[in-house]
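Visitor: Got a structure for you, written out below as structure tokens; questions coming shortly.
The values are calculated or read from the model by the stated rules, or taken from the named source; none is laboratory data. Keep in mind the model is a prediction, meaning the values are calculated, not measured. Positions of Cβ are backbone-derived with ideal geometry, glycine not excepted, and every protein chain shown enters the neighbour counts. To get the accessible areas, we keep the full protein, side chains included, count just its heavy atoms, and leave off ligands, DNA and RNA. Shrake-Rupley method; radii C 1.70, N 1.55, O 1.52, S 1.80 Å.
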Amino acid sequence: MTIYKGERQRQFPTKISTTSFVKLYILHLLNEKSYYGNKIKDEIKSRLSNRWEPSPGMIYPLLRELESEGYIEGWWDEPEKRSIRRYRITDEGIKHYKILLLQNKTSFEDSLLIVKNVLKDIYGEKI
């Protein structure tokens, strides 16, 4: 269990913030191929079986942040219209993505274990 400032982690059931999760997922998707903002949002929703999706108000600031940090690069499909901005991951972004994967793996495993145990204990369900 993660210890923060000498105390137990009190966030339940996940131990990764929504913003950190979405940032990781953006890098994951861009590691596969280039996307534009709304397609990233839709792809996350689809891969999570339409159970949850990040808002555009979360996606676009994260894309700007990742671009300003040099982890992704963006370009306009039609520069004169500036309507669709596509993104791809950079070499620095791939390195950062691999670090985030290592940093968050335990949190995802802990979260999964918590949810499995709750389903089993309270609902008698096996997963």
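Visitor: Looking at (1) open to solvent by 60 Å² or more (accessible area, probe 1.4 Å); (2) more than 23 Å from I16 (Cβ to Cβ); (3) not basic (K, R), can you tell me which one S68 breaks?
Guide: Of (1) open to solvent by 60 Å² or more (accessible area, probe 1.4 Å); (2) more than 23 Å from I16 (Cβ to Cβ); (3) not basic (K, R), only one is false for S68: (2).
Visitor: Within the stretch 85-127, how many residues are in contact with a strand residue (DSSP E or B) (Cβ under 9 Å, 6 or more places away or on another chain) and hydrophobic (A, V, I, L, M, F, W, C)?
Guide: Matching residues across the stretch 85-127 total 1.
Results for (1) open to solvent by less than 70 Å² (accessible area, probe 1.4 Å); (2) part of a helix (DSSP H, G or I); (3) of a type in the set (A, V, I, L, M, F, W, C), shown as yes or no for each residue.
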residue: K39; (1), (2), (3): no, yes, no
residue: P54; (1), (2), (3): yes, no, no
residue: Y60; (1), (2), (3): no, yes, no
residue: R64; (1), (2), (3): no, yes, no
residue: G74; (1), (2), (3): yes, no, no
residue: S83; (1), (2), (3): no, no, no
residue: E92; (1), (2), (3): no, yes, no
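Visitor: Any idea how many residues of the stretch 76-96 are under 18 Å from the mean Cα position of the chain (by Cα) and more than 15 Å from S34 (Cα to Cα)? Talk me through it step by step, then tell me what you get.
Guide: As a first pass, look at the stretch 76-96 and keep what is under 18 Å from the mean Cα position of the chain (by Cα): 86-90, 92-96.
Then drop every residue that is not more than 15 Å from S34 (Cα to Cα), which leaves 92, 95-96.
Number of matching residues: 3.
Visitor: Let me ask another. Just for the stretch 100-127: of the residues that are closer than 26 Å to Y71 by Cα and either without any contact (Cβ under 8 Å) to a residue 40 or more places away in the chain or touching a Gly at 6+ places or on another chain (Cβ under 6 Å) (or both), which one is surrounded by the fewest Cβ atoms within 10 Å (Cβ to Cβ)?
Guide: The residue in question is L102.
Visitor: Something else: Take the stretch 25-37 and flag every residue that is in a helix (DSSP H, G or I), open to solvent by 30 Å² or more (accessible area, probe 1.4 Å) and closer than 15 Å to Y60 by Cβ.
Guide: Within the stretch 25-37, Y25 is the sole residue that qualifies.
Visitor: Right, another one. For the stretch 1-19, does any single residue satisfy the condition of being within 16 Å of the chain's Cα centre (by Cα), at pLDDT 95 or above, crowded, with 17+ Cβ neighbours inside 10 Å and not hydroxyl-bearing (S, T, Y)? Even if it seems obvious, please write down each step before you answer.
Guide: In the first step, residues of the stretch 1-19 are kept if they are within 16 Å of the chain's Cα centre (by Cα); the result is 14-19.
The next check asks that each one be at pLDDT 95 or above; those that pass are none.
No: zero hits.
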